[in-house]
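Reviewing the structure listed below.
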Amino acid sequence: MSEPQQHLVALRVNGRAHRAVVESRTTLVELLRDHLGLTGTHVGCEQGACGACTVIVEGTATRACLMFAVQADDRDVRTVEGLASGGELGALQLAFSEHHALQCGFCTAGFLMTATSAFDDGDILTDPVAVRTRLSGNLCRCTGYTPIVEAVVEVARRRQDRTPG
Amino acid sequence: MKAAPFVYARAEDTENAVALLAELGEDARVLAGGQSLVPMMALRLARPEALVDITRCVDLKGVTGSTTQLTVGAAVTAREVERHPDAGGRHPLLVRALGHVGHPEIRARGTVCGALAHADPAAEVPAVLLATEGTVTFAGPAGPRRIASQDFFVGPYMTALDEGEMVVEAEFPLPLPTTGWAIEELARRHGDFAVVGTICLLDAGADATCAHASITLFGVAGTPVRARQAERAMIGTFLDDADLDAAASAAVDEVDVLGDLHGSVTYRRSVSRALLRRALRTAREGTSARRDEGSAEGEVAG
Amino acid sequence: MTAGGDPALRELQELRGDEPPATSERYVGRRVRRLEDPPLLQGRGRFVDDDQPRDALHVAFVRSTIAHGRIVEIDTTEAVADEEVVAVLTAEDIDPVCQSWRGVLNWPGMTAGEQRPLARGKVVHVGEPVAMVVATSRARAEDAADRVFVSYEELPATLDPERALAEGAVLIHEDLASNRCLEMSFGEGDVEAAFAAADVVVEVVMQTGRHTAMAIEPRGIVASFDQPDRRLTVRVSTQASSMLQTLYARLLGLPENAVRILTDDVGGAFGMKAFVYPDEMAVVTASVILGRPLKWIQDRYEAFQSDTHARDERVTAALALRHDGTIVGLRSDVLSDCGAYSMYPRSSVTEGVQVCTIMPGPYRVPCYDGHLRVVFTNKSPLAVYRAVGHPVAILVMESLMDAAAAKLGLSREDVRRRNLLLPEEMPYRSITGNLYDSGSHLESFERLVELLDLDSFEQRRQDASARGRLLGIGMACFVEISAPGAMFYGAKGAPITAHDQVEVRMEPDGSVTVCLGTPGQGQGLHTTAAQVAADRLGIDISQVRVISGDTRTSPHGTGVWASRSAVVSTGAVHKAAGEVRRRLIMAAAHLMEANDQDLEITAGRINVRGGGTAGVSVAEVAERLHWRTHELPDDLDLGLAVVSEGRGPDMVFNNGAHAAIVEVDPDTGAVSLVDYIVVEDCGVLINPDIVDGQIRGGVAQGVGGALFEELVFDQNGQPQTSTLLDYLVPTAADLPAIQIHHIETPSPLTVLGSKGVGEAGTAGAPAAIHAAVNQALAPSGACVWRQPITPERVLGALEAASQARRTTIPS
């Protein structure tokens, strides 16, 4: 078998520059986990159906299992490891813990990144029904979703209270 | 599963992409959003030997609206169309249909033209193209081609694209201001592929009779299907409930409905009839004749 | 995995702004934030795939593509030639090193086929591992696996359990006399006489869909064998580490003290990760043979073919009653589709057994005949999945009760009231021998009825009808077995420990480490352990760190199964912490020249009860017990590290009642779950958030089984549902906010009065939803008898009823 094609990928992850040499078929999630040691993003299906691998690429929530690493060249990526700064949990993470929105924790990073991206997009997340629809691309087998929805709604309401006008 | 090995090439523009496809051989495929192709590669059901990535081709990122159509470049994502300041107002049907496509994370990278090229029988975007009689433009070694929607979808996951050709843009004719439209679909869960879907557009003339009807079913056959006989039979009717119900039944009878894991033939026929009845009523309420009567306002529900 | 003393955790606790009460019970019963959360929220979890040893090789399996056949040849020449491939192994390589096994327990007459890591001679289900490729990366291993060519002589596939028992059926395991794994009867009493004398008999025939746990984290394993030292180290996503320590040792001929199992975070298990899996065993064995660390992470496609399945039962059941609704007899015939193997070591009959034995539920059933057949077919093996058997048992019984109500002209509530057990009947021995130690069987149902406001139902039904929807409310009453003891598995010959062990250890500075024998998969075991330890020791919870997950340093544990942690795991913490407490008190008594009986520990200080003195801090005493033992008498116990067990009674039963409200679209058959209410009695709540979390998650999985999840096979045994777009798991949009109300009837049999609850949500949901759908359909004369209740099945029922009405209308 001939040597597989390799690519040098230079990207920014959580604000830091990284370089890696990857094969064509290496996915973004494999780059993050295996090459950069950022194992907070998880793989649940490799089909884009479970949402566990969701990261934020160029400001938009994206399935890291459906993007090849080489496609992330010169791109900004945010992962769950970038949500907290200096060991301090962000508001969404704290809300997840307050509401018992995680049990085994395997799907949690995907939910956090999806919700973070939804907030960045300016989605209306103060209504639980709208939140359930917005999060319907992320699967969880442990929590029954109610506390995840409550956590997101609470953060949305607090943000709304802080917004003037 | 991990994808089988392939050669990756990033195209700078359309010309470059066509040249790369030619160079990389008959098993080379276009990589746009990858939201349909990559899952198939991850199951090793698709094993392209090469991928030509068009996602950074600036000349394929255009979204242009005219008074008659919305033109979408091959590298434009569903999300970009949804959030485009112009698109929602011009083509509310397309934007509404996009809302049914998977989830926002899928639409972040999945392209509108990619959905056309992938030609999943249960997909919404091909159905919109067929319902509105759009066209697809491709580039290839033999030069540009433009194909009408009714000739584009050939079978399940099969289009009229020849080897070495790639979609450049798609034109989605706008529903007329006088047209009432609706999209109804039954999916098991939000964002799933349609088990049965329908798109209906109706136009009534000054005499309040039906001047134009477009009835499309998707998820029930190898491609989206227009029920043309049923459409013709509607012309000149007053679009009474009885006319609509007759059209719904006629449309279902006309189409060769297929069954699979998610719905048998019998089930899909029953549901098609029910969804058609709903969609035709909604479309009727959206026609300018009805709107003038003050029964429904503005945009109609899907 | 460690916790406590974590700045993020402290921040979480400060957020709540609670004042700790002055009583000694400070954490048990309170909503304490989980210790497990901060690392998981920051992406610092440690799941098996997060272990990335540099020198590890990667495994991909070649799996059977047919449901039944003889292996004629395995051609590995092309695969082996790949320079990135280190080895391609088959049964010939594995069998000399690893014994085969059979999932047999000492149920009378039970048989099971021989199973081994890689198939030898025959394959008996699609997905059975046949060969394994070891290469420098998973991708290269898969490339090579594509070039392993297996030729089979295909044999007829048996997919229907009835046909598997029929005369002349093809034997799946040729060394067994038939395809019957187990046949036996449960219950007592003269059922024939009872039925003959009954005023009314109702019967149901029901079928539940085959489904699977679908944990978001696939299975995975990293195994390495130190050849000179003959020590095996395995990191695995499992719920039963100590059990695997025993079984890997046994199957490989190693002493158990040479086997080390590492399990940190597990991304969901639900009963599925409690077995010896052939693929995992193949990886372990290959690591011994090759002397290299090997890693295998299952992908989702493989998971559908290789994870254990569940809930594939056909039940015919009948209920006999008097006119006033009193139950006089129950009978059931249960056919459980076992798949190709009985899984090892718990076997694949537990589900069928519990369908039979749980069926009487919270009702007074004076006589019962439950007949069980567990049968082999050419599918992936069935085993245990959350609430094992309960969902089916309760579905059947509640359907019988609703049918009885209709036939008797009684309300569904009244027929239940007539038969639900009362507190004065506790402890109650059911007709199948289960002992209900305590409970609020009738009370929980009455509470549910009150919450439902059934009087308003008719108005709600009309409102829904105006929107073109059929509304239905369904109710289900149930009991759930929790924390069964050794008679469940150990007594039946399985190397499964029913008691848990925990070490509680205090350092000289008074800080505490609790080391659990049983790591969790999301149930918050670390948090509940910290709550119990902090209360027992009278110290602040921030002083407690909880670790688990290394059999070399953790005590031998029971694992997580059958909702046992709240009983045996917390029982073990309670006992170990209690002994540490006793030693602190005895030392303090000496130092303070006080009577040990008069001392108490509050907020980290040991004081004379009711006395005004300052006392001594726990840390001062701990320090002395380590460094200044010359100040203490010779006969005092000095060690502040204590291992204790939590044994639990033979079984503890919780109870509850669920209600589901659904809307059916009569044009499409689509069912929406509009509301869901749970009344749950699981005794004393240690951490209400964790309990509610278990209930909600359990309900969600029950909803999945009731409405969405089904593994489908074609007539050749080929799986048709191999991705998450075909096997449908409920999403956030498919579930309403699940409301939970608690009754706390303490168990007289457990240390804290707690009962297990992990599976209760799943136990009741399929029944409640089924009843709701049938109530919605009833005015149309339609009903459904099969789960999952798909839109197609609903529409089919409505259309059949409509046909029946048309044909019976006189012309």
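Just to be sure, is C:LEU795 touching a Ser or Thr at 6+ places or on another chain (Cβ under 9 Å) and either within 14 Å of chain B (Cβ to nearest Cβ) or charged (D, E, K, R) (or both)? Spelling it out, C:LEU795 is indeed touching a Ser or Thr at 6+ places or on another chain (Cβ under 9 Å) and either within 14 Å of chain B (Cβ to nearest Cβ) or charged (D, E, K, R) (or both).
Screening A:ALA69 against (1) in contact with a Ser or Thr (Cβ under 8 Å, 6 or more places away or on another chain); (2) surrounded by 19 or more Cβ atoms within 10 Å (Cβ to Cβ); (3) within 12 Å of chain C (Cβ to nearest Cβ) leaves a single unmet condition, (3). Checked against (1) of a type outside the set (A, V, I, L, M, F, W, C); (2) at pLDDT 95 or above; (3) within 23 Å of the chain's Cα centre (by Cα); (4) over 20 Å from B:PRO126 (Cβ atoms), B:THR67 meets all criteria but (2).
If you go through the range B:91-145, how many residues are assigned to a loop (DSSP other than H, G, I, E, B) and either without any contact (Cβ under 8 Å) to a residue 12 or more places away in the chain or not β-branched (Val, Ile, Thr) (or both)?
So the count comes out to 20.
As for the range B:70-89, it holds at least one residue that is of a type outside the set (A, V, I, L, M, F, W, C), crowded, with 24+ Cβ neighbours inside 10 Å and more than 11 Å from chain A (Cβ to nearest Cβ).
Taking the listed residues A:THR133, A:THR126, A:THR143, the one that is part of a loop (DSSP other than H, G, I, E, B), among the polar types (S, T, N, Q) and farther than 24 Å from A:GLY40 by Cα is A:THR126, with no other qualifying. It is to be established whether one or more residues within the range C:733-753 are modelled with pLDDT of 95 or more and either farther than 30 Å from C:ASN655 by Cα or part of a helix (DSSP H, G or I) (or both). Within the range C:733-753, one or more residues are modelled with pLDDT of 95 or more and either farther than 30 Å from C:ASN655 by Cα or part of a helix (DSSP H, G or I) (or both). Across the range B:21-60, the number of residues qualifying as among the charged types (D, E, K, R) and away from every other protein chain (no Cβ under 11 Å) comes to 5.
Between C:ALA765, C:ALA797, C:ALA801, the distinction of being of a type in the set (A, V, I, L, M), assigned to a helix (DSSP H, G or I) and surrounded by fewer than 20 Cβ atoms within 10 Å (Cβ to Cβ) belongs to C:ALA801 only. Contact map, the range A:135-163: residues that are within 14 Å of chain B (Cβ to nearest Cβ) paired with residues that are of a type in the set (Asp, Glu), Cβ distance under 9 Å, separation 6+ or inter-chain. Pairs shown: A:SER136/C:ASP734; A:GLY137/B:GLU105; A:ASN138/B:GLU105; A:TYR145/C:ASP734.
Any idea which residue in the range A:109-125 is surrounded by the fewest Cβ atoms within 10 Å (Cβ to Cβ), counting only those that are within 13 Å of chain C (Cβ to nearest Cβ) and more than 19 Å from C:ALA737 (Cα to Cα)? The selected residue is A:ALA118.
If we scan the range A:79-93, do we find a residue that is within 30 Å of C:VAL729 (Cα to Cα), facing chain C (nearest Cβ under 10 Å), outside any loop (DSSP other than H, G, I, E, B) and free of Cβ contacts under 8 Å to residues at least 24 places away in the same chain? Within the range A:79-93 (the criterion being within 30 Å of C:VAL729 (Cα to Cα), facing chain C (nearest Cβ under 10 Å), outside any loop (DSSP other than H, G, I, E, B) and free of Cβ contacts under 8 Å to residues at least 24 places away in the same chain), the answer is yes, since at least one residue qualifies. So is C:ALA383 at pLDDT 95 or above and closer than 22 Å to C:ALA760 by Cβ or not? Yes: the conditions hold for C:ALA383. Within the range C:711-727, can one find any residue that is at the interface with chain A (Cβ under 10 Å from one of its Cβ atoms) and assigned to a helix (DSSP H, G or I)? Looking for residues that are at the interface with chain A (Cβ under 10 Å from one of its Cβ atoms) and assigned to a helix (DSSP H, G or I), one finds none in the range C:711-727, hence no. Residues in the range C:615-654 that are among the acidic types (Asp, Glu), part of a loop (DSSP other than H, G, I, E, B) and touching a residue at least 24 places away in the same chain (Cβ under 8 Å) were compared, and the one that is farthest from C:ASP500 (Cα to Cα) is C:ASP637.
When the range B:75-89 is filtered for residues that are assigned to a loop (DSSP other than H, G, I, E, B), over 15 Å from the mean Cα position of the chain (by Cα) and touching a residue at least 24 places away in the same chain (Cβ under 8 Å), only B:ALA75 remains.
The residues of the range B:238-248 that are surrounded by fewer than 22 Cβ atoms within 10 Å (Cβ to Cβ) and assigned to a helix (DSSP H, G or I), listed by number, are B:ASP241, B:ALA242, B:ASP243, B:ASP245, B:ALA246.
Across the range A:43-64, what is the number of residues that are farther than 11 Å from A:LEU31 by Cβ and within 14 Å of chain C (Cβ to nearest Cβ)?
14
Which one is surrounded by the most Cβ atoms within 10 Å (Cβ to Cβ) among residues in the range C:211-245 that are away from every other protein chain (no Cβ under 14 Å) and assigned to a loop (DSSP other than H, G, I, E, B)? Even if it seems obvious, please write down each step before you answer.
To start, the set of residues in the range C:211-245 that are away from every other protein chain (no Cβ under 14 Å) comprises C:221, C:223-234, C:236, C:240-245.
Add one more test, that the residue is assigned to a loop (DSSP other than H, G, I, E, B), and what stays is C:227-230, C:240.
Working: C:GLN227: 12, C:PRO228: 6, C:ASP229: 8, C:ARG230: 12, C:ALA240: 28.
Here the residue is C:ALA240.
Might you let me know whether the range C:381-396 holds any residue that is more than 25 Å from C:PRO108 (Cβ to Cβ) and more than 24 Å from the chain's Cα centre (by Cα)? Checking the range C:381-396: not a single residue is more than 25 Å from C:PRO108 (Cβ to Cβ) and more than 24 Å from the chain's Cα centre (by Cα). May I ask you to verify whether B:THR282 is in a helix (DSSP H, G or I), surrounded by fewer than 23 Cβ atoms within 10 Å (Cβ to Cβ) and in contact with a strand residue (DSSP E or B) (Cβ under 7 Å, 6 or more places away or on another chain)? Yes. Are any of the residues in the range C:740-751 within 14 Å of another protein chain (Cβ to nearest Cβ), under 33 Å from the mean Cα position of the chain (by Cα), at negative phi and not hydroxyl-bearing (Ser, Thr, Tyr)? Yes: the range C:740-751 contains one or more residues that are within 14 Å of another protein chain (Cβ to nearest Cβ), under 33 Å from the mean Cα position of the chain (by Cα), at negative phi and not hydroxyl-bearing (Ser, Thr, Tyr).
Residues of the range B:185-216 being away from chain C (no Cβ under 14 Å) and within 30 Å of A:CYS50 (Cβ to Cβ), which ones?
Passing the criteria: only B:ILE199.
Go through C:ASP333, C:ASP402, C:ASP324 for me and flag whichever is part of a strand (DSSP E or B) and acidic (Asp, Glu). Within the list C:ASP333, C:ASP402, C:ASP324, the selection yields C:ASP333. Exactly one residue among B:VAL101, B:VAL95, B:VAL125 is within 24 Å of A:ASN138 (Cβ to Cβ), more than 14 Å from chain A (Cβ to nearest Cβ), surrounded by fewer than 24 Cβ atoms within 10 Å (Cβ to Cβ) and within 13 Å of the chain's Cα centre (by Cα), and that residue is B:VAL95. The number of residues in the range B:6-27 that are surrounded by fewer than 22 Cβ atoms within 10 Å (Cβ to Cβ) and either assigned to a loop (DSSP other than H, G, I, E, B) or small (Gly, Ala, Ser) (or both) comes to 8. Summed over the range C:401-438, the residues that are within 25 Å of the chain's Cα centre (by Cα) and aliphatic (A, V, I, L, M) give a count of 2.
Among the residues of the range B:227-237, just one is buried (at least 22 other Cβ atoms within 10 Å of the Cβ) and not in a helix (DSSP H, G or I), namely B:ALA227.
How many of the residues in the range C:255-267 are crowded, with 17+ Cβ neighbours inside 10 Å and not in a strand (DSSP E or B)?
6
The values are calculated or read from the model by the stated rules, or taken from the named source; none is laboratory data. Everything numeric here is computed off the predicted structure, so don't read it as measured data. A quick note on method: Cβ atoms are made from the backbone with ideal geometry, for glycine too, and the neighbour counts reach across all protein chains shown.
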